[in-house]
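Notes follow the structure.
The values are calculated or read from the model by the stated rules, or taken from the named source; none is laboratory data. Predicted model, so just to flag it, every value in this text is computed and none were measured. Cβ coordinates were reconstructed from backbone atoms using ideal geometry, including for glycine residues, and neighbour counts include every protein chain displayed. For the accessible areas, the whole protein counts, side chains as well, though only heavy atoms, and no ligand, DNA or RNA atoms are used. Shrake-Rupley method; radii C 1.70, N 1.55, O 1.52, S 1.80 Å.
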Amino acid sequence: MLPPPAAPTVRDRLIRLRLMLVALSVCLWAGVVVVRLVQLQVLGRESYQLKAARQSERTINLDPRRGPILDRNGRPLAVSVDAESVYAVPQEIHEPEKTAAALARALGVDAVGRRELGALLQRNRAFVWVRRKVDPRITREIRDLQLDGIGFLTETRRYYPKRELAAQVLGYVGLDNTGMSGIEYAFEDLIRGRAAKVSVRIDARRRPMETTEKTATDGHAVVLTIDEAIQYAAEKEIERAVAETGSISGVAVVMDPRTGEVLAMAGRPTFNPNRFNAYPSSRWRNRAVADAYEPGSVFKVFTAAAALQEKVVDADETVDCGGGVIEIAGTQINDHAVFHQLTFRDVLAHSSDIGMIRVAQRLGRENFNRHIRDFGFGAVTGVELPGESIGLLRPPNRWSALSLASLSFGQEIGVTALQLTAAMASVANGGYLMKPVVVKQVEDSFGHVVKAVRPVAVRRVLEPGTVDIVTDLLKGVVRKGTGWRAAVTGYTVAGKTGTAQKVDASGRYSMIDHVASFLGFVPAARPALVILVSLDTPRGEHNEGGDVAAPVFARIAEQALAHLAVPPEDPDRSLRMAAYRADSPNVTLARNESALAPAAYHPTPVAPSPAGATEPTRMPDLRGLSAREAANLAARQGLLVELKGSGRVVAQTPAPGTELDAVMTCVLTLSRTSGREGTPTGGLGGPESPPSLTSERRFTPRERKNMP
């Protein structure tokens, strides 16, 4: 029998206790390690991966190729071109000072710039920009130096091939390739595209190991309603007028009254968006939408229209003009001339303020205010341009005793040039206020339309009968009134002059400074164009609206009508014009289907059948004829002629044999190839040359993508 075990001694107990403590410590340490590993490898994995990537990778976002901005016929107004940028990898540069000196000489920087380059190249970074979007000559010079640690990346920069043309509509782009104003800003999300990404991975010694690149996505193309040729004519004429009259500034707006499409929007002074920083910021502003001013007597058009609509006056009714003086609320108002008894027709023709006040008093505050607002004054038009002014129109409860009288002839109200043009378009198109538009459609990089802008009739503001009377009165303004200098040979013009006094520093109306304007449409019987010309503070002895703005209207209208091939109202002149235009290839008639109700537009009458026959006139077969022969035959049918290409007719719309009861436009496709089918030809002038009034070119999606 074994003896019982001896009782553990105190020493044994201490040893066991120590072993247990060691084991417990090991377990606790292991548990902490496991918990920490779980925290690092599982719970915090994504966070630490991002930290590691930041330490070992450098990602550079490269600007995408912005989509082009084109005129209505596909001519480029803004494009993106390749431009190389210079970068450095400081870890690869062994002699920073020497490299900085070489770069400074190539870049043409001074001593301060050289020191900044030296500091830049010594930074503990995997990547630094040296200079972005450098001139090709400088890039070649730096490349020839073969400097260690210096590389090149291809970016894009914005280029405006027509320089100042439509600059205030297009806007400009900053160094970061972001639109800063105009269409560039308003359509930034669509034009910009998706940026490219270049990733540079480095090792523990911060040396580059590999570079990966994610390609960019090109931006969408924006097609404007602007017609490059009409825009050029408007800018040329407004610049000439500003120079000849010494005006502070000038604005011209050309609109298709049936659709609200803006064909031209010109302002002077302007700027070159390729070098926008070289101009004061005041020149970047689009005055046609951003500047509100008192319109003066051109506003009498809308006073007259409201009075005729409400039937408070007849066109041939005699109005007492008070010998050129009227007193209201203790204030004497003087007319610009002494008139006694005038028919309302002559009140408008001779622009009598007193006569217009008398008629406005019959209308009353509420009726007059309602009609003014129906014409779109006191509200934005909704055009796709940033910075549009609402204008100024107080509610009737804030009018003074003089407000009704002042408003009747265009004082105490602020309007924009675009508001005036849109309001006059409602008279020209049969009574509909159209929403002005400057964008026709947006296309992706493959040429697919992703957004099409349709004409929008906001509301009817005048009845057809009122439109006819107002048009007749406005024709009288040009025929025998203050607007006679706006006449265009072969066409009937309807319009109104305006000479609006400006408020001087004392808060009173100046007897010297004013805004001279002419607002009208042509041809009066079948309006194709509404044109506003406004000159701010013209100088000289004869500087009123009829003297300086009306002739500018006539010159712009004459060129635009010829470009659009709108036949004169004189039949003999119409045939001569068609023959003349047939000799000029690539003519484009930029007209759209009317979005208005049938009563809002009157089609061109078709020539009657010979000998009084009742059989409808049919479209002749023009294929195979020369441009001159085809244009003559089509003009004799009362058609507007659109020629595409050059040579002989290979295709036509309407097709041969089509009834011509309501046909307005004959589209003739020309080609120098033989046969009845072919591809129309076209041409485009040099990037810095002014546009031809008869040129047409529509770029294909592939050509746009590869456009320099």
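General remarks:
- Amide H within-cut-off set for G151, under 5 Å, with H built and near neighbours excluded: Y87, A88, V89
- Long-range HN-HN contacts of K502 with modeled amide H, under 5 Å: S510, D513, H514, V515
- The apolar share of the surface of the range 426-581, taken as the fraction of accessible area on carbon and sulfur atoms (1.4 Å probe, ligands and nucleic acids excluded), comes to 52 percent.
- Solvent-accessible surface of the range 253-310, taken per residue with a 1.4 Å probe and all protein chains present: 25 Å².
- Carbon/sulfur fraction of accessible area - the range 300-353, other protein chains in place, 1.4 Å, %: 45 percent
- Close amide H contacts of V488 (hydrogens built in the peptide plane, cut-off under 5 Å, sequence separation of 5 or more or a different chain): V493.
- Virtual spin-label span in nm between R459 and W129, 7 Å along Cα→Cβ: 5.0 nm
- Hull shadow area, averaged, the range 276-336 [alpha-carbon convex hull, nm²]: 7.8 nm²
- Averaged over its residues, the range 487-565 has an accessible area of 34 Å² per residue, based on protein heavy atoms and a 1.4 Å probe.
- Computed over the alpha carbons of the range 122-163, Rg followed by Dmax gives 13.3, 44 Å.
- Of the peptides 514-524, 184-194, the order by per-residue mean of other Cβ atoms within 10 Å, starting with the highest, comes out as 514-524, 184-194.
- Most tightly packed first, judged by the mean number of other beta-carbon atoms within 10 Å of their residues, the peptides 101-114, 378-391, 234-247, 428-441 read 428-441, 234-247, 378-391, 101-114.
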